[in-house]
Every structure is written in structure tokens, then in C-alpha cells.
Amino acid sequence: MAQLVLSIAGYAVGGPIGALVGAFAGGFIDQKLFAPGPIQNQEEGPRLTNLFVTSSSEGAAVLRVYGRMRVSPQMIWATNFREVVTTTTQTQGGGGKGGGGGQTVTTTTTTYTYYVSFALGLCEGPIVDIGGVWADGKPLDMSQFTWRLYKGDDAQGADPKIEAVEGAGNVPGFRGLAYLVFEEMPVEKFGNRIPQITVEVIRRPAANGIRLEDILTGVTLIPSLGEFVYATDSVYRGDGFGHTIAENRHGSIGKPDLLVSLDQLQSGAPNIDTVSLVVAWHGTDLRCGTCQIKPKIEFAAKANTPWSWQVSGTSRAGADVVSSDSFGPLLGGAPADRSIVQAITELKARGFRV
């Protein structure tokens with residue numbers, strides 16, 4: 001506007017030269033008065049407005065489980081959601097050619113992350129253990145969360161998290177009830193809500209007489225084959241696409257398979273004191289006269305972490321491969337020496353004779 005007005009005024013006063021000078025002056029004034037200033041953008045992530053919880057019914061019956069059963073627990077306690085606000089600022093543009101006229105855009109992004117603690121009543125106790133856990137129908141990796149299981153005996157005390165929230169002396173031990181506590185669970189990937197949890201419960205029924213598992217004093221530990229089946233470390237392999245896959249961790253408890261198995265063994269058969277650890281190598285021929293016994297591997301090319309397979313001084317590069325078909329190996333490789341040492345060490349630490 002100033003440029004147009006001053007151009008006309010300049011032309012009236014000084015002709016074409018005056019119009020040119022007026023246009024320059026008007027453009028300068030326009031830039032100062034009407035040039036767009038810095039742009040401020042505000043962006044916010046989704047924020048929690050409603051609370052959706054798993055089932056919580058007053059007066060609901062306590063389940064009585066026999067054997068192994070997947071149950072839908074009842075919510076018996078929960079905190080309010082704890083909100084963590086994170087704000088980041090990013091500025092783009094500015095400066096401009098020759099040091100003037102540039103426009104800056106500042107974007108401030110605010111995100112909200114939520115955490116919640118809650119307790120789920122499972123069934124009448126005492127139980128032996130839990131197996132798989134699912135959230136919204138999908139297997140839940142329990143190693144990603146802080147959780148505690150109370151098996152429902154007559155001596156269990158109050159949970160420390162519940163007591164910290166409700167106050168010392170205000171929390172029951174829920175004796176006789178098996179329940180599961182999640183502490184500060186991040187709920188972003190569940191749509192900022194407590195997911196629908198289901199739990200596989202393992203419980204042995206009360207026996208009127210002598211139970212087999214109570215009189216057993218020794219077991220044989222198999223499967224005897226599997227490159228890392230006896231390792232107490234979690235061993236991983238690459239999938240060729242930048243991801244890692246656990247070799248010896250297939251449950252949802254977040255521990256290697258051997259440790260989960262030993263936990264269940266001690267819970268289910270408490271009088272076991274001797275374990276026969278079976279370790280197998282491979283035969284090269286069904287004819288005894290020409291058969292050689294040697295350790296074989298499942299795949300010729302496989303990179304493992306945190307340590308690699310080795311048996312009796314033979315590394316993966318120097319070992320034969322087991323029989324296979326289009327689906328992969330037909331049987332497991334020989335257990336790595338290091339895994340056997342770890343298994344024996346763990347067994348002895350638990351008081352077993354090996």
C-alpha cells in the first residue's frame with residue numbers, strides 16, 4: 001500500500017524519476033509495517049481424557065482353577081494415571097539472503113506419556129505359577145515391565161507399591177488370593193488405557209492322598225539337543241533384516257527357557273534333589289561300523305550374541321550341519337559347551353545334585 005501511494009506521489013512531484021524513488025521508499029515502509037513476522041506453531045500429541053479399565057465387578061466370584069487354565073482376572077486395585085509431559089521446540093528458516101527478510105517458523109511439540117500401576121486378582125490360591133500373559137489378545141513380553149506375582153498362600157504380605165500409595169497398615173495381603181501387580185506400566189502402545197489382560201494360571205488341586213510330584217526325588221533333564229537350550233544367558237541371532245531373535249527365550253516371563261523350566265520344576269515337584277542332565281551329539285551314519293559321533297550345528301551361517309557356539313574346540317565354521325528340509329533343520333544342534341557349564345552351575349546353585 002505505501003509503495004503504491006508513494007509511487008503516485010513521486011510521479012506527481014518528480015515525474016518518472018520521482019516515481020521510482022517513491023516506489024523504493026514505499027517498498028521499504030511496506031516491509032517494515034506489513035512483512036510477516038515469525039510463525040509460532042503449537043502441536044500437541046493425544047492426551048488422556050477417559051479411563052478404560054479391564055473388568056472390575058464388586059462381589060464377583062473368586063475363580064477356582066484346576067490344572068492349567070487361561071483366566072480373565074478382576075481389577076482389585078489401581079492408581080490414577082501418571083502423566084509425563086515432554087515439550088520440544090524446533091526452529092526453521094530465518095536469516096534470508098543478504099541477512100534480511102527471512103521468515104522463521106518455530107514449532108513447539110508437546111507429547112503426553114502415561115503410566116499406571118494396578119493389581120489383578122487371578123484365582124483362589126495357592127497356585128504353582130503363571131504361564132503366558134496376553135494384553136488385548138496378544139502375547140505380552142513380561143520382561144518389558146515391572147511386575148510381581150503373589151501365589152495366594154496364607155503368609156503373603158502387602159505389596160510394596162500398593163502400600164506406598166495407600167499408606168502403611170492400610171493394605172491387606174489378600175491372603176488366599178493369587179494376584180498379579182504391574183508397577184508403573186507405560187500404556188502408550190495400548191491406546192493410553194489399561195489393556196485387557198488374560199493370564200495362564202497353573203494350579204495343582206488339593207490331594208487327599210500322596211501325590212506323585214511330592215514323592216519324586218530325581219528327574220532327567222532333556223531335550224539334550226539345541227545349540228543354546230541349556231544357556232542361562234539370553235542368546236540372540238540376527239534375522240538378516242536388522243532385528244534380533246531370541247534363541248532360548250520363548251515364554252512371556254522374560255527369562256531363558258531353562259530358568260523358567262527350573263522354576264516350574266521346583267514349584268511343582270518340591271522334593272526333587274537330583275537332576276540327570278542329558279547332552280547329545282550326532283551320529284554320521286546308521287551303520288555302527290562306519291558311524292562317527294560329532295557335534296553338529298543347525299545353520300552354517302549364524303551370528304549369535306552375546307557369545308558364539310563352540311563345542312570341544314570346534315567353532316561353527318568347522319562343524320557339520322544337521323539334516324534339514326525346505327523348512328529348516330530336522331533336529332537341534334549339539335548344546336554349546338558354555339551352555340552346559342551354565343546349566344550345571346545353575347542347578348548346583350539351586351541345591352540339585354547333577
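The values are calculated or read from the model by the stated rules, or taken from the named source; none is laboratory data. Bear in mind the structure is a predicted one, so any value in this text is a computation, not a measurement. Every residue, glycine as well, gets a Cβ built from its backbone with ideal geometry; the counts of neighbours run over all protein chains shown. Protein only, heavy atoms only, side chains kept; ligands, DNA and RNA dropped before computing areas. Shrake-Rupley method; radii C 1.70, N 1.55, O 1.52, S 1.80 Å.
Quick one: grab the alpha carbon gyration tensor of region 111-167, order the square roots of its eigenvalues as a ≥ b ≥ c, and give me rounded if a/c is under 1.5, else prolate or oblate depending on whether a/b is larger than b/c.
Note, shape of region 111-167 comes out oblate.
On a 1.4 Å probe surface of the protein chains, which of Y114, Y236, Y66 comes out largest in accessible area, and what is the full order?
Highest to lowest solvent-accessible surface, that is Y66, Y236, Y114.
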Pairs of Cα atoms farther than 23 Å apart, region 121-222, %: 42 percent
Give me the percent of Cα-Cα pairs in region 314-354 that sit more than 12 Å apart, rounded to a whole number. 70 percent
What FRET efficiency would be calculated for the residue pair L286, S308, taking the C-beta separation as r and a Förster radius of 41 Å, to the nearest 0.05? 0.85
Extent along principal axes [Cα atoms of region 242-354; Å; largest to smallest]: 44, 44, 27
Cα centroid distance between region 272-286 and region 336-354, in Å? 14 Å
By the gyration tensor of its Cα atoms, with a ≥ b ≥ c the square roots of the eigenvalues, what is the shape of region 228-307: rounded for a/c under 1.5, prolate for a/b over b/c, or oblate? oblate
Rounded, prolate or oblate (a/c below 1.5 giving rounded, otherwise prolate when a/b exceeds b/c) for region 139-180 by Cα gyration tensor: oblate
Heavy atoms of the protein only, probe of 1.4 Å, neighbouring chains included. What is the accessible area of M69 in Å², nearest 10? 90 Å²
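Pulled fully out, how much extra length does the chain show between D154 and I202, if you take 0.36 nm times their separation in residues and subtract their Cα-Cα distance? Provide the component values of the computation, followed by the final result.
Numbers: separation 48, 0.36 × 48 = 17.28 nm, distance 1.78 nm.
Gain on extension, D154 to I202, equals 15.5 nm.
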